[in-house]
1. Dividing the convex hull volume of the alpha carbon atoms of the stretch 102-215 by its residue count, what do you get in Å³ per residue?
2. Can you give the accessible area per residue of the stretch 81-169, in Å², using a 1.4 Å probe?
3. I need to check one value: relative contact order of the chain, counting alpha carbon pairs closer than 8 Å and at least 6 residues apart, in percent.
4. On C-alpha positions alone, give me the angle between the axis of helix 51-65 and the longest principal axis of the chain, in degrees, nearest 10.
5. What does the net charge come to around Gln196 if you take all other residues with beta carbon closer than 14 Å to its beta carbon, with K and R at +1 and D and E at -1?
6. Where does helix 172-188 land angle-wise versus the long Cα axis of the chain, in degrees 0 to 90, nearest 10?
7. So what are the ³J(HN,Hα) numbers for the stretch 125-142, from phi and the Karplus equation (6.51, -1.76, 1.60; θ = phi - 60°), rounded to whole Hz, Gly and Pro as x?
8. Along each of its three principal axes, how wide is the spread of alpha-carbon positions in the stretch 56-100, in whole angstrom units, largest first?
Amino acid sequence: MIWLLNDVLTPAESGNILSVYTEHRFHCGSDSNPRANVKKSLALNYDDPDYKRCTETLYVPLQKALSDYLIRRSGQPYFSWYKTGGFYNWHLDAFPIAGIAPHFSYTVALNDPDEYEGGELVIRVGNTESSFKPPKGSVILYNTGLWHKVNEVTSGDRKVAIGWVESYIKESAIRQNIIDLKLAINNVADDISHEQLEKLESARMNMIREFVDRP
């Protein structure tokens, strides 16, 4: 599954992270996938004095936005910079990665899509490819294990944060059903009685209690 979550970061939060995007703070992003001709990008140094600040700026709104997706914990994020000519060919994310065994991967758009040409995130589900170039501050969330790539940036700069999250629910079908139930509840919450809403939420919470993968 793939979800687009809009307005996760405010312009101020995106700007806070973008303030570190200067040459001397970044290293070759190919370190995370050293195979030849697979990746061309830059990544913020983990030992940068502002890396922790950027991570905290990202995590607070991200955790709020993902509250319906049964997230147990997040892995260490990457802050990536695709300059003109940058790309990331078809690949699968490693497992485990960033210190966790992830169920979802995410990409956060830090700058406006009209600031660069190309650079679309392309995700393959079955024999269908979906292309995304989301607005600044939005998030693409998708199941880890899907093949994906970043098209070559033909002009301008693509600046994103990427990362992975682990769910409380290990079984994928159960996890998907509980998420779908919550999103459906959100859609009808204003149109049904409080009593009906309580019954739906009770059923959802009892499903979580039944299937949670306890540490």
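The values are calculated or read from the model by the stated rules, or taken from the named source; none is laboratory data. Predicted model only: the values in this text are computed from it and were never measured. Note that each Cβ is placed from the backbone with ideal geometry, even for glycine, and that neighbours are counted across all protein chains shown. Side chains are part of the model used for accessible areas, which takes the heavy atoms of the whole protein and leaves out ligands, DNA and RNA. Shrake-Rupley method; radii C 1.70, N 1.55, O 1.52, S 1.80 Å.
1. Details: hull volume 15.3 nm³, N = 114.
Hull volume normalised by residue count: 134 Å³.
2. Working: 3410 Å² over 89 residues.
With the other protein chains kept in place, the stretch 81-169 gives 38 Å² per residue.
3. On the way: 394 pairs, mean separation 54.7, N = 215.
Relative contact order here is 25 percent.
4. Orientation of helix 51-65: about 30 degrees from the principal axis.
5. Numbers: positive: Lys199, Arg204; negative: Asp190, Asp191, Glu195, Glu198, Glu201.
Net charge in that neighbourhood comes out at -3.
6. Once rounded, one gets 80 degrees.
7. Residue by residue, the stretch 125-142 yields 10, x, 9, 10, 10, 10, 10, 10, 9, x, x, 3, x, 9, 10, 9, 10, 8 Hz.
8. 36, 24, 18
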